[in-house]
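> My questions will all concern the structure given below.
The values are calculated or read from the model by the stated rules, or taken from the named source; none is laboratory data. Since the model is a prediction, treat every value here as computed from it, not as a measurement. Cβ placement follows ideal geometry from the backbone for every residue including glycine, while neighbour counts extend to all protein chains displayed. Accessible surface is based on the protein model in full, side chains and every heavy atom, while ligands, DNA and RNA are left aside. Shrake-Rupley method; radii C 1.70, N 1.55, O 1.52, S 1.80 Å.
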Amino acid sequence: MSKFDEMILVVNREQLFNNEAYAFNGFLSQNDDLFNKITASLKDFEVKRRGYMEEDESFKQLVSYTIVESNDEILVYKRLTGGGESRLHGLNSIGVGGHMNDIESESDIKEKMFENAARELEEEIAMSKSDLKDFELIGLINDDNNDVGRVHIGLVFKVEVDKEKVYSNEEDTLELIWSKEDKLTDLGDYESWSELIIRDLYER
């Protein structure tokens, strides 16, 4: 099946951002009053074909984006030229994730989000649910300054793991690096969501 035929979770932009009254750019912490106002509309998600949604700015595609930590280190991964989207080749990321799908066995949108985020961690870095500690939703990431960002919104999670158990399921396409928080910017260029999270969460 083509990735564009995937059925994904989306939310109407007008509803999500209350006709732009709640619109923001960058990382929005769960401690911000706006976070609760925006996430209250997630329960009204719809399931749409990804290919259609990539061209429709009236919807925001829900994407999990999990920051993986081990003690005082953060997992950074670099996308190599072997796979994935070419626009991200050579760029670093601190978020493991992907598009969200409907999970019919879960009725609560929060549980659907956590299940999707956990699935991506297992697929990308071989972490099973039993390996995940302090798994929490810490904020949102949004970037309306480019075409890709205008049709996506990131649900930012954070999780603690044992670094010795982490490995890439796609060694030909992903290089894994562990970094101290204050050394993140020394590793080179990041894709836009990671840049915004580092700026708004780690450099304050």
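> Quick one: putting +1 on the C-beta of Lys and Arg, -1 on the C-beta of Asp and Glu, what dipole do you get for the chain around its Cα centre, in Debye to the nearest 20?
220 debye
> Can I ask one more? Using alpha-carbon pairs under 8 Å, 6+ residues apart, how would you state the relative contact order of region 19-140 in percent?
Once divided by the residue count of region 19-140, the mean separation gives 27 percent.
> Okay, next question. Percent of accessible area on the chain owned by carbon and sulfur, 1.4 Å probe?
About 42 percent, which is the carbon plus sulfur part of the accessible surface.
> Using 0.36 nm times the number of residues separating V148 and L187, minus their current alpha carbon distance, what extension gain do you get?
So the chain would gain 11.7 nm between V148 and L187.
> Fully extended, how many nm does the chain gain between D108 and N25 (0.36 nm per residue separation, minus their Cα-Cα distance)?
The span from D108 to N25 would gain 27.2 nm if fully extended.
> Return the calculated 222 nm mean residue ellipticity for the chain, to the nearest 500 deg cm²/dmol, obtained by summing -39500 (n - 2.57) across DSSP H runs with n ≥ 4 and dividing by the residue count.
Mean residue ellipticity at 222 nm (helix-derived): -5000 deg cm²/dmol.
> Could you grab the relative contact order for the chain? Cα pairs under 8 Å, six or more apart, rounded to a whole percent.
28 percent
> With label points built 7 Å along Cα→Cβ from the Cα atoms of M7 and F135, find their separation and express it in nm.
Placing both labels 7 Å along Cα→Cβ, they lie 2.4 nm apart.
> Over region 1-116, average the accessible area per residue using a 1.4 Å probe and give it in Å², no decimals.
Averaged over the residues of region 1-116, the accessible area is 49 Å².
> Would you look at the GNM of the chain, springs on alpha carbons closer than 10 Å, and say which of I94, I153, I103 moves the most?
I103
> Among G51, G149, G26, which one shows the biggest mean-square fluctuation in a GNM of the chain, springs joining Cα atoms closer than 10 Å?
G51
> Below 20 Å, Cα to Cα, which lysines can K110 reach? Residues fewer than 8 away in the same chain don't count.
Qualifying lysines at Cα under 20 Å: K37, K43, K48, K60, K129, K133, K158.
> Further question on the same structure: Between (1) 56, 16, 14; (2) 39, 19, 15; (3) 25, 19, 18, which matches semi-axes √(5λ) of the Cα gyration tensor in Å calculated for the structure shown?
(3)
> On a C-alpha basis, how far is the centre of region 103-177 from the centre of region 1-30 in Å? Whole number, if you could?
Measuring centre to centre over Cα atoms gives 16 Å.
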